[in-house]
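Reading through the structure tokens given below for one structure.
What follows is calculated from the coordinates using simple rules that are stated; it is not laboratory data. The structure presented is a predicted model; accordingly, all values stated were derived computationally and were not measured. Virtual Cβ from ideal backbone geometry, glycine too; neighbours counted across all protein chains shown.
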Amino acid sequence: MDLWFTEKHSPNMGITLRIKRCILQQKTPYQQMDILESYEYGKILLLDGLIMFTERDEFVYHEMIVHVPLLIHPNPKNVLVIGGGDGGTVREILKHPEVERIDLVEIDEDVMNACMEYFPEVSQGLKDPKVRILIEDGIEFMAKGDNRYDIVIIDSTDPIGPAKGLFEPKFYQNVDHTLGQEGIMVTQSESPFQDPKLWSWIYKNISSVFEKAFSYLAFIPTYPAGFWSFTLASKVRHPTKDIRTEHALKLSSTTRYYNPKVHKSAFSLPNFLKSELTKPS
Amino acid sequence: MIRYFEKEPYAPVESSYEVEKVLFKIKTKFQEIEVIENSYFGKMLFLDGILQITERDEFFYHEMLTHVVMHAHPNPKRIVVIGGGDGGVVREVLKHHGVEKIYFVEIDEEVINVSKEFFPNVSCAVDDPRVEIKAMDGADFIKRCHTKVDVIIVDSTDIIGFARSLFSEDFFASIKKALSDEGFFVTHSESLHFHKDMVIEVQKTLRKVFPLVDLYATPIATYPGHWWTFAVGSKQLNPRELRRPFDIKTHYYDDEIHTQSFLTPKFYKKLLNKELPW
């Protein structure tokens, strides 16, 4: 069998992986979900034909979306994850013993169930007693504003279709209200190389609500351009000056990408991105 | 988007098909069987990575492989089908009401089972009481065949691997022995575009055995080169002539297509003399 999966990153380029087999092809109430097994990157989760993560490189994304905010916050106890039904983000949060409660708000239960079945290494943390799973829309959940959190992590799909609202100022205002005094929000913010305008649109939406926004970068080979960004909003803590270095060093024995130096350097933006942020929108 | 890239034996082109779903995959004693779903062609059957049939266009091949010799024969009663585990040829043969017996000789019984599950419209006739399934090598069956039969149809995979024995002089000689005096033999023989030398080789090998040998072709969208040929061997009757009225239901084959499908004598001569430039 000579099967090849292609994800187009633009009309003129894409990523192509040879695959061993299709493990699951399912239409959920929200999206098309496929699980493939590839030769180079192990098992892959696709939502609506786009790579969400692969077994081989998911650690980069999940470590960087979690450990950066959690090691800036002085004492993160309550963490909210919007999206992230695969459980990878929760798995990383659970490496921080000071965290007492994790709320996970995932709209698509089928994704979570499929990950529990086919990606036990990623989803293992979902069964932890600290984790409360809420199957509902993240935008509506935020609008209710019932809870207070130290950290809000938005581990969503791309800002097209249903996830678009997770990148808009109105949503960020609700996040702002839910965050405590030293609260931190972080969101995945697309590939600044592939789509710099989209990246700066997200950045500007965040900085229109929060006083300070900081974008940081990571290398994720199966995402467009292999060059990915996260954007963090912090009320008082500084993302590189206020790292809890001792904790970060200790944590580094459990991580494969994250360490305190990577943490710091991830916030250094190349010139073409700095200038993108100063362009008028 | 997932695409299936087909291995094209001997062809300078490559085909690939968008995969809606991989429906089935199994490795048998003989080969790998795969079924995928494509939005245009419907279900598609692959053996060892090579496309065999699609739901949408299988009738071109099955009708043309079957009905030419079945109409050239005055009264075909006993038929042998070698290969064709999908059952498409058996379905076509049974459209002829005079048929009393079909020996359906398929080396890999799994192909029949897979077809029954995924291609019910192709395999629909394989359980007919007139059909006797023999899960064995076609060449062995013909060698041991002691009764005369009227028509022998070879519906094999490409002329590589284990199907190669079905194109040898030895095999053709035992075919001739098994045929009644008015009998016909037909086999597919690859594409005139990409496999011309193989087409010629099959014609020449047949000519060593049969007094009458001929060649006809038909367009098939999903086979490499498209201009797909069928080689006929006959003991005494000319296959270009219909000896019975055309009164069965078909999608493509009819009495006019029958006669038009054969290569013109001039062109045929050029082919065998290797005067064709491509």
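Below are the figures for this structure:
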{"read-out": "Sum of -39500 (n - 2.57) over DSSP H runs of 4+, divided by residues of chain A (222 nm, nearest 500)", "value": "-9000 deg cm²/dmol"}
{"read-out": "Selected from B:LEU23, B:LEU242, B:LEU47 as most flexible by GNM, with chain B as the system and alpha-carbon contacts under 10 Å", "value": "B:LEU23"}
{"read-out": "Rg in Å to one decimal, and Dmax rounded to a whole Å, for the stretch A:181-281 via C-alpha atoms", "value": "14.0, 43"}
{"read-out": "Pair B:SER39, A:GLU136: separation of 7 Å Cα→Cβ label points (nm)", "value": "3.6 nm"}
{"read-out": "Förster radius 25 Å - calculated FRET efficiency between A:LYS144 and A:GLU168, Cβ distance, rounded to 0.05", "value": "0.90"}
{"read-out": "Local electrostatic count at B:LYS249 - Lys and Arg +1, Asp and Glu -1, tallied over other residues with Cβ under 11 Å", "value": "-3"}
{"read-out": "Charge context of A:LYS250, other residues only, Cβ under 11 angstrom, K/R +1, D/E -1", "value": "+1"}
{"read-out": "Unit Cα scatterers, Debye sum, the stretch B:2-54: log10 I(q)/I(0) for q = 0.15, 0.26 Å⁻¹", "value": "-0.38, -1.05"}
{"read-out": "Calculated P(r) of the stretch A:109-179 - Cα pairs past 14 Å, %", "value": "68 percent"}
{"read-out": "Given B:LYS27/B:LYS134; A:LYS144/A:LYS241; B:LYS29/B:LYS116; A:LYS8/A:LYS197, the pairs whose alpha carbons are separated by over 26 Å", "value": "A:LYS144/A:LYS241"}
{"read-out": "Neighbourhood charge, 10 Å Cβ-Cβ cut-off, centred on B:LEU272 and excluding it, Lys, Arg +1 and Asp, Glu -1", "value": "+4"}
{"read-out": "Length-normalised contact order for chain B - Cα pairs under 8 Å, 6+ apart - percent", "value": "17 percent"}
{"read-out": "Entries in A:LYS77/A:LYS130; A:LYS27/B:LYS7; B:LYS204/B:LYS274; A:LYS204/A:LYS261 that, when Cα-Cα distance is taken, lie over 20 Å", "value": "A:LYS27/B:LYS7; A:LYS204/A:LYS261"}
{"read-out": "Cα→Cβ-extended label distance, 7 Å offset, between B:LYS249 and A:SER253, nm", "value": "7.7 nm"}
{"read-out": "B:LYS269 versus A:HIS9: modelled label distance in nm, points set 7 Å from Cα along the beta carbon direction", "value": "6.2 nm"}
{"read-out": "GNM top mover of B:ILE220, B:ILE79, B:ILE257 - chain B, alpha-carbon springs below 10 Å", "value": "B:ILE257"}
{"read-out": "Aspartates and glutamates with Cα under 17 Å of B:LYS148, excluding same-chain neighbours fewer than 8 positions away", "value": "B:GLU100, B:GLU132, B:ASP140, B:ASP181, B:GLU182"}
{"read-out": "Reduced Cα scattering model of chain A, Debye log10 I(q)/I(0), q = 0.15, 0.16 Å⁻¹", "value": "-1.16, -1.34"}
{"read-out": "Percent of alpha-carbon pairs separated by more than 17 Å within the stretch B:70-130", "value": "34 percent"}
{"read-out": "Using a Förster distance of 30 Å, the FRET efficiency for B:ASP170-B:ASN75 (Cβ separation, nearest 0.05)", "value": "0.55"}
{"read-out": "Estimated D of the protein assembly as shown in µm² per second, where Rh is the Kirkwood radius over Cα pairs and Stokes-Einstein applies at 25 °C, 0.890 mPa s", "value": "89 µm²/s"}
{"read-out": "DSSP-loop trypsin sites (Lys or Arg not before Pro) across the stretch B:17-66, with at most 14 other Cβ within 10 angstrom", "value": "B:LYS29"}
{"read-out": "When the stretch A:80-121 is reduced to its Cα atoms, the Kirkwood hydrodynamic radius in Å", "value": "10.8 Å"}
{"read-out": "The stretch A:155-172 - phi-based ³J(HN,Hα) in whole Hz, Karplus 6.51/-1.76/1.60, Gly and Pro as x", "value": "10, 10, 6, 5, x, 10, x, x, 7, 4, x, 6, 10, 9, x, 4, 5, 5"}
{"read-out": "Shielding by partners - mean other protein chain Cβ count within 10 Å, residues of A:5-14", "value": "1"}
{"read-out": "Helix-only [θ]222 nm of chain B, DSSP H runs n ≥ 4, -39500 (n - 2.57) each, per residue, nearest 500", "value": "-8000 deg cm²/dmol"}
{"read-out": "Calculated FRET efficiency for the pair B:HIS226/A:ALA225, C-beta based, R₀ 51 Å, to 0.05", "value": "0.80"}
{"read-out": "For peptides B:269-275, A:43-49, sequence by mean Cβ density within 10 Å, most packed first", "value": "A:43-49, B:269-275"}
{"read-out": "Averaged over B:1-14, number of beta-carbon atoms from partner chains that fall within 10 Å", "value": "3"}
{"read-out": "Extension reserve of the B:PHE30-B:ASN113 stretch, reckoned as 0.36 nm per residue once the Cα distance is removed", "value": "28.4 nm"}
{"read-out": "Reach of B:LYS269 by Cα under 17 Å, taken over aspartates and glutamates that are not fewer than 8 positions away in the same chain", "value": "B:ASP197, B:GLU201, B:ASP214"}
{"read-out": "Using distinct alpha-carbon pairs, which all enter the 1/r mean, Kirkwood radius of the stretch B:58-272 in Å", "value": "17.0 Å"}
